Structure formats: C-alpha cells, structure tokens
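Engineer: After the structure tokens below, expect a handful of questions from me.
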Amino acid sequence: MKTFGASEIHRLSDAIASGANTNLRTISASGHHLPPESLKIFGKALSMQAQKLNRENNASANGITHLAIGSKDMGDDGVVALCEGLAASNGGLLKSLDLGWKSIGREGFRAIGSTFAISKFLSSLDLSRNNNLGSDGITDFCNAAEEAAVSSGTAFPSMEHLTLSDCNIGPMGMNTLARMIISDGNSGRSNRIHLSLANNPITSEGCQSLSNLISANPTNGSLLSVLELSQCSIGDDGIKLLSSAASSSPCTGLAVLDLSANSITEKGANAFSASLFEAWPDLKELKLAKNDICEDGVVSVTSALAQRNDAGVDPSIEGGSNSSLKSLDLTSTNCGVKGAKAALMIGCLTTLRLFNNKLGSDGFREIAQLLEGGHPSIVNLDLGGNSADEDSVVILLNSIANTSQASNFSSKLSLLEIGGNTFGEKAVEALENLKKVWPKLDVAHDKPIQEGEDEEEKD
C-alpha cells in the first residue's frame, strides 16, 4: 500500500474493533506517518479485539499478533498514544512489536515499559536505533516495567528477543536492564532471551552487569540464548569479565556470542580461550571479527576446540575439549597464516570465516595443504579478500580436488568463498576440474580476468 495514513488506519481500526477481521495477523506499516490521535484509536481497536477474543477463549487462534508501525517522526507523542490505546489489554495480543527508529525518548519508553510489562504474549520487542534513549531512558523503561509487574514479579515474562542496538546505552543503563531481566528470572521467566545490544557504549564497566545475565542461575545457566555485543567498546577488560563469570558458573543455554569490533587483543583472546574449554557448553556460534587478536590470539582460541584427526594433520597437536562450537568468524582479526592453519585444524566447525586477513599468496599455498580433498567438517569456508595471486588460487582449488589423500574422510565442504583474490583463466580451468570431483560445491569468486587484462580494469 503506497499510502497508509489516518483515513486508512481508521478504517482498519473499525474492522478490527468490530470483529469483522478474522484472518489478518500481521501489520507492517513502518515508514508511514500517522498522527497520535489515529494511533490511539488503533491501539484501542487492538485492545477491543484482544478483550473480545479472550472472553471467547480464542486469543491464541485469531487477532493481530505482529505489528510494525509508524515513521521516524513518530516520537514520544505517537508511542504514548498507541500505548494509551493498548493499556486496557496490557498490549493486546501482540507477540512481536517493532518500534525501531521512531525517535522515541524517555516518555515513550516509560509508556512501552508500563503497557507491555505483564503481557503474556509479547515475545519480540525491537526498540533499536532510538538513540535518544540513553541510560536514563532505559532506566525509565525498566523502572516502569518493574512497577507494572510488581504483583507478578517478572517483567516481560514471555520475552524471547529484545533488540536495543544503537540506543546509546551505557554502563548505568546496562545495570538497570540486567536487574530487570534477572528480577525473579530464575522462576518467573519461561524463556532465555536473544539480547541484541550492538553499537552501544557499554564498555568494560557494563560487562559486570552482563556477566550476571550469563551466569545468573547456577542450575539452569544463562538467562540469555544469544548475546550480540558488536561495537560496544568492551575491550580486553570486558571479555575478561565475561570469561571469568562463565568460568565460575558455566553459561548453559547461551548459543550465540557476538563480540565483533570491540578492540579485543591477544590478551583478551587468551582469557576467553581459558574459559572456552568448559565454560560455554552450548555455544554454537562465536564472532570475533574486527578484533586485532593476531595469530597467537587465534591459536589460543582454537586450542580450546576439538581438533580434526584425519590423515595429513599434525598428530602432535592436542586439541581442546569443546566440540559444541559450529561457527567461528575470524574476519579481519589479523590472524596470519599460523592462525588460519590453526582454525582449519578444528574438527567441529561447520562454518569458518577468514575474510580479509592478508593471507596473500604464500598463505593460500600453506592452507591448501590442509584442504586436500576438502574438509571433514567445514561446510561453509570464507577465504575472501586475502589478495592471493592466481597461481595460489589454482593451487588451493587443485588441492581441494585432490582426493587421493582424503580416503579416511568425506569432505563436507559445500560453499567456498574466494572473492577478493585473483581469478583468471587458469583459475577458471582449475574450477572446472574441481567441479568434476565435487559437482555440488559452490565456489563464489570474482569475475574472471581475461588474458592481457589488468585486475584494475575489471568491471
């Protein structure tokens, strides 16, 4: 719908309130300007629908459950009006609410906290890119939610996904948020939370509060299933705090940890490696991209992981006990050839990203030896952006095609990314030969350079 304004939302509200709508579940109307009075009418319609269906014991089968609404100028006035309409039903039947990038301030966040705190339906709340929020705003949000949930003891009891990226939340705000999530969390919260906090100035100071979330429950482990902390300025001190917390009380249940672009160095990587052996038993995906942990830091992290034991690898290298990790992102970590080889020695990964690590031609030639016949566990391998010359790319492709030394394993490799490395006619020929051996292997590469054409002349 090109136009979705006041008249359109009034007609929709009438249909919802009357009970005429029986099929509509999702409304995606972000980017459309709607006046506060119209948003209040719409909120009341959703409340009327919820109350009617609840009386009929039919709330789980019908009604609007997913909502994304409003434009960037929605602001506090619009959000408060919407919440006023929804207050009578504690947020209606909404399971998912997207209010990202709506210029919401403290008043709006207070309204959201008080309106939805005791909703038994809301499981996903996106408040990202409201950078007027800050620590004061998240504190208002949490305080309002806790006050509304004082009788039940648990704010947002059904929450599974909370997105607060780009909200200018600092250590003080992180402390309040952690307190709200932990409050009676051991008994009143039914689900672990996917918490997105990317691009907030949390710093190492805020990691103390995060540590409480990932080690809050000695019996059941972490209160979080996913923790996204990219670009949060936590540094080595922050990752040390998280590692220490995990070591003291293993974070069972935490499956994804994103620590990208946090100014973590080799020291932080070493501290994390020590905890990775046993303290993260359910961790499936780890992102360390854009941290200058260098080759020794990468080697330290990989040493905690179970190693491959097929022919052609060094049997003297003892791997760690962690076999749960399946995806490791080492993009732009300055891992060096030594770190890349250590990563390829891991036997439990299905996805490995080594993009933009300046491996160069010599690096490709060395790692080619570890990719002879493919790889016994890695399904997706990203070697893009490493500036290897064509001859080295050919050696790599030929090594993967050579199955003579891989009789004791069947390669799992299905996607190989080698863009950002020279790819000419010889590489095309090598790829054709590779396809004869591994026809289902998908290789992503740059447009081939024709003979006599400079790489800079490519389209």
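Engineer: Go through G137, G85, G91, G100 for me and flag whichever is buried (at least 20 other Cβ atoms within 10 Å of the Cβ), in contact with a Ser or Thr (Cβ under 7 Å, 6 or more places away or on another chain) and under 19 Å from L195 (Cα atoms).
Structural biologist: Working: G137 fails: in contact with a Ser or Thr (Cβ under 7 Å, 6 or more places away or on another chain); G85 fails: under 19 Å from L195 (Cα atoms); G91 fails: under 19 Å from L195 (Cα atoms).
Answer to the check: G100.
Engineer: Are any residues in the stretch 279-297 in contact with a Leu (Cβ under 8 Å, 6 or more places away or on another chain), under 25 Å from N220 (Cβ atoms) and not aliphatic (A, V, I, L, M), and if so, which ones?
Structural biologist: W280, D282, K284, E285, K287
Engineer: Determine whether the stretch 146-164 contains at least one residue that is over 20 Å from A87 (Cα atoms), touching a residue at least 12 places away in the same chain (Cβ under 8 Å) and either assigned to a helix (DSSP H, G or I) or open to solvent by 40 Å² or more (accessible area, probe 1.4 Å) (or both).
Structural biologist: yes
Engineer: Of the conditions (1) surrounded by fewer than 17 Cβ atoms within 10 Å (Cβ to Cβ); (2) over 22 Å from the mean Cα position of the chain (by Cα); (3) under 19 Å from S119 (Cα atoms), S183 satisfies every one except a single condition; which number is it?
Structural biologist: Of everything listed in (1) surrounded by fewer than 17 Cβ atoms within 10 Å (Cβ to Cβ); (2) over 22 Å from the mean Cα position of the chain (by Cα); (3) under 19 Å from S119 (Cα atoms), S183 misses just condition (1).
Engineer: OK, next. With the condition kept exactly as written, say whether any residue in the stretch 178-192 is in contact with a Cys (Cβ under 8 Å, 6 or more places away or on another chain) and either under 22 Å from K284 (Cα atoms) or hydrophobic (A, V, I, L, M, F, W, C) (or both).
Structural biologist: The answer is yes; a qualifying residue exists.
Engineer: Might you let me know whether the stretch 197-208 holds any residue that is among the hydroxyl-bearing types (S, T, Y), surrounded by fewer than 23 Cβ atoms within 10 Å (Cβ to Cβ) and either under 22 Å from S114 (Cα atoms) or modelled with pLDDT under 95 (or both)? Working first, answer last.
Structural biologist: Pass one, the stretch 197-208, residues among the hydroxyl-bearing types (S, T, Y): 203-204.
Of the ones still in play, those that are also surrounded by fewer than 23 Cβ atoms within 10 Å (Cβ to Cβ) are 203-204.
Then drop every residue that is not either under 22 Å from S114 (Cα atoms) or modelled with pLDDT under 95 (or both), which leaves none.
Taking every residue of the stretch 197-208 in turn, none turns out to be among the hydroxyl-bearing types (S, T, Y), surrounded by fewer than 23 Cβ atoms within 10 Å (Cβ to Cβ) and either under 22 Å from S114 (Cα atoms) or modelled with pLDDT under 95 (or both).
Engineer: Please work out which residue is surrounded by the fewest Cβ atoms within 10 Å (Cβ to Cβ), limiting yourself to the stretch 31-52 and to residues that are hydrophobic (A, V, I, L, M, F, W, C) and under 25 Å from R129 (Cβ atoms). Let's see the steps before the verdict.
Structural biologist: Going residue by residue through the stretch 31-52, those that are hydrophobic (A, V, I, L, M, F, W, C) are 34, 39, 41-42, 45-46, 48, 50.
This time we only want the ones that are under 25 Å from R129 (Cβ atoms), so: 34, 39, 42, 46.
Values: L34: 23, L39: 26, F42: 27, L46: 25.
Filtering first and then ranking leaves L34.
Engineer: Scan S114, S119 and give me the residue that is open to solvent by 30 Å² or more (accessible area, probe 1.4 Å) and hydroxyl-bearing (S, T, Y).
Structural biologist: Exactly one residue qualifies, and that residue is S114.
Engineer: If A342 passes every condition in (1) more than 20 Å from the chain's Cα centre (by Cα); (2) open to solvent by less than 10 Å² (accessible area, probe 1.4 Å); (3) closer than 20 Å to S303 by Cβ but one, which one does it miss?
Structural biologist: Tallying (1) more than 20 Å from the chain's Cα centre (by Cα); (2) open to solvent by less than 10 Å² (accessible area, probe 1.4 Å); (3) closer than 20 Å to S303 by Cβ, A342 fails exactly one: (2).
Engineer: Quick one: which of S7, S28 is part of a helix (DSSP H, G or I), of a type in the set (G, A, S) and open to solvent by 30 Å² or more (accessible area, probe 1.4 Å)? Steps first, answer last, please.
Structural biologist: On the way: S28 fails: part of a helix (DSSP H, G or I).
It is S7.
Engineer: Can you name the residue in the stretch 407-452 that is among the polar types (S, T, N, Q) and either in contact with a Ser or Thr (Cβ under 7 Å, 6 or more places away or on another chain) or more than 26 Å from K326 (Cα to Cα) (or both) and is also modelled with the lowest pLDDT among such residues?
Structural biologist: Q450
Engineer: Return yes when L125 is touching a helix residue (DSSP H, G or I) at 6+ places or on another chain (Cβ under 9 Å), open to solvent by less than 10 Å² (accessible area, probe 1.4 Å) and either of a type in the set (S, T, Y) or over 21 Å from T203 (Cβ atoms) (or both) and no when it is not.
Structural biologist: yes
Engineer: Give me a count of the residues in the stretch 246-260 that are assigned to a helix (DSSP H, G or I) and open to solvent by less than 10 Å² (accessible area, probe 1.4 Å).
Structural biologist: Of the residues in the stretch 246-260, 1 are assigned to a helix (DSSP H, G or I) and open to solvent by less than 10 Å² (accessible area, probe 1.4 Å).
The values are calculated or read from the model by the stated rules, or taken from the named source; none is laboratory data. Predicted, not measured: the structure shown is a model, and the values here were computed from it. No Cβ is skipped: glycine too gets one built from the backbone with ideal geometry, and neighbour counts run over all protein chains shown. Heads up: the accessible areas ignore ligands, DNA and RNA and are worked out on the full protein's heavy atoms, side chains in. Shrake-Rupley method; radii C 1.70, N 1.55, O 1.52, S 1.80 Å.
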